[in-house]
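Single-structure report; data block below.
The values are calculated or read from the model by the stated rules, or taken from the named source; none is laboratory data. Quick caveat: nothing in here was measured; it's all calculated off a predicted structure. Note that we place each Cβ from the backbone using ideal geometry, even for glycine, and neighbour counts take in every protein chain shown. Calculation scope for accessible area: heavy atoms of the full protein, side chains included, ligands and nucleic acids excluded. Shrake-Rupley method; radii C 1.70, N 1.55, O 1.52, S 1.80 Å.
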Amino acid sequence: MSRAEQTRDRAQYGVCAVLALTGALVIADALRITHLTSSNDPIGPRPVPMLLGGCLLAVAIAYGIDVARGGRGEPETGEDVDLTTRVDWRTVLLLIGAFLLNAALVDWLGWVISGTILFWGSAFALGNRHHVRGLLIAVTLALITFYAFAIGLGVNLPAGVLQGIL
């Protein structure tokens with residue numbers, strides 16, 4: 001085994017260690033959750049993070065065994081992506097701007113308006129030039145997510161200036 005392959009193996013063991021550490025932290029944090037049950041939720045909030053932590057540990061172990069047996073991931077070939085092209089900083093900065101604008105306005109304007117700005121701005125940054133159609137889709141997505149969180153999950157997103165209307 002060449003020196004480069006040994007270095008790569010150690011890096012893969014590092015990934016295993018990070019996965020195992022993350023799984024252990026998720027389980028440790030889940031054990032600190034107060035065990036509360038109700039008639040609507042008879043199992044409480046602990047099982048999901050415990051399951052996810054256990055899955056992370058299982059993946060870390062399976063990956064470690066695979067690496068120990070000589071398994072190696074294939075290097076990314078980039079599929080249809082030309083890895084020699086430069087980063088499109090305009091797109092990156094527009095996406096960052098859309099996210100920051102959403103974060104700054106969500107409490108004041110509410111999710112529906114700030115989410116519309118986020119969805120429309122992201123579509124614009126990624127190349128959509130059908131502005132009216134993009135805006136209609138963004139409003140639809142913002143309303144769907146607002147009501148999905150409110151009705152489906154019982155989580156109230158901020159209504160902002162539309163309080164009482166939605």
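Miscellaneous remarks
- Figure legend. Inter-residue proximity from region 21-42: first residues modelled with pLDDT under 90 and assigned to a loop (DSSP other than H, G, I, E, B), second residues of a type in the set (A, V, I, L, M) and surrounded by fewer than 12 Cβ atoms within 10 Å (Cβ to Cβ), beta-carbon distance below 9 Å, spacing 6+ or different chains. Indicated pairs: Thr37/Ile43.
- Flag if Gly152 is among the small types (Gly, Ala, Ser), assigned to a helix (DSSP H, G or I) and farther than 24 Å from Thr91 by Cβ: yes
- Every pair of residues 6+ apart whose Cβ atoms lie under 9 Å, when the first sits in region 44-71 and is on the phi > 0 side of the Ramachandran plot while the second is among the hydrophobic types (A, V, I, L, M, F, W, C) and part of a loop (DSSP other than H, G, I, E, B): Gly44/Ile33; Gly44/Leu36; Gly70/Met1
- Complete set of residues in region 51-90 that are among the polar types (S, T, N, Q) and at pLDDT 95 or above: none
- Among the residues making up region 143-158, a single one is open to solvent by less than 90 Å² (accessible area, probe 1.4 Å), among the hydrophobic types (A, V, I, L, M, F, W, C) and more than 16 Å from Val106 (Cα to Cα): Ala148.
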